[in-house]
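Values quoted throughout were computed directly from the atomic coordinates according to the rules given, and no laboratory measurement underlies them. Keep in mind that this is a model prediction, so the values were computed, not measured. Please note: Cβ atoms are built from the backbone with ideal geometry, for glycine as well, and neighbour counts cover all protein chains shown.
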Amino acid sequence: MVSEHPDTTDDDTTALALKILVAGGFGVGKTTLVGAVSEIKPLRTEELLSEAGQSVDDTEGVDHKVTTTVAMDFGRITIRSGLSLYLFGTPGQDRFWFLWDELSQGALGAVVLADTRRLEDCFPAVDYFEHRHIPFVVAVNCFTGARAYGAQDVSRALDLDQGTPVVLCDARDRDSGKEVLIRLVEYAGRMHTARLLNSVG
């Protein structure tokens, strides 16, 4: 789950790199979030939407969207000295789901982005991580003009397991995105510790 690298910083601390997935439905803001928080130029695999994909890609509610991720987005952010997150944004359409199993290998946890105007689009991602026991938080991307819902309302609507965090965010804002990632790391750390204690108990 956590990869350690032997290279040290000036203060002799061991650098840790944690793998985080950013998932959710089509057009929910995954590429935007990765790009907003990444301290390096993010790797993107976006292609223009084509007429051939119109029959399989549901663009209702995101009519302005002209591109789609076809493999993954990749970025990196340093949370604090010695702790970095490698971010992997997953493709949102069903036809690219075969990539999820590969991307999820070794992941500490995931952020499931949600749009309250199309909340049902994040159900598959929620189910995916719940069934594989991968810790995740739901981050509600607060789009301009969308009806505001509280975290508990979203949690009930998605029928989340008790304790699964729901946070409100703006995927365009670096500080907002960073807070989501910190919340995930803290939650995933507690989950992994609890599982370790249960396994030895």
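Some values worked out for this structure:
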| item | result |
| --- | --- |
| Using θ = phi - 60° and Karplus 6.51 cos²θ - 1.76 cosθ + 1.60, couplings along the stretch 107-116 (whole Hz; Gly, Pro as x) | 6, 5, x, 9, 9, 9, 7, 10, 10, 5 |
| Cα pair count fraction exceeding 16 Å, expressed as % - the stretch 86-201 | 62 percent |
| Residue exposure sequence - Glu179, Glu186 - by fewest surrounding Cβ within 10 Å | Glu186, Glu179 |
| Distance between the stretch 179-195 and the stretch 160-178 - C-alpha centres, whole angstrom | 13 Å |
| Residue-wise HN-Hα coupling along the stretch 143-160, computed from phi with Karplus coefficients 6.51, -1.76, 1.60 (Hz; x: Gly, Pro) | 6, 4, x, 7, 5, 7, 10, x, 4, 5, 4, 5, 4, 5, 5, 8, 6, 6 |
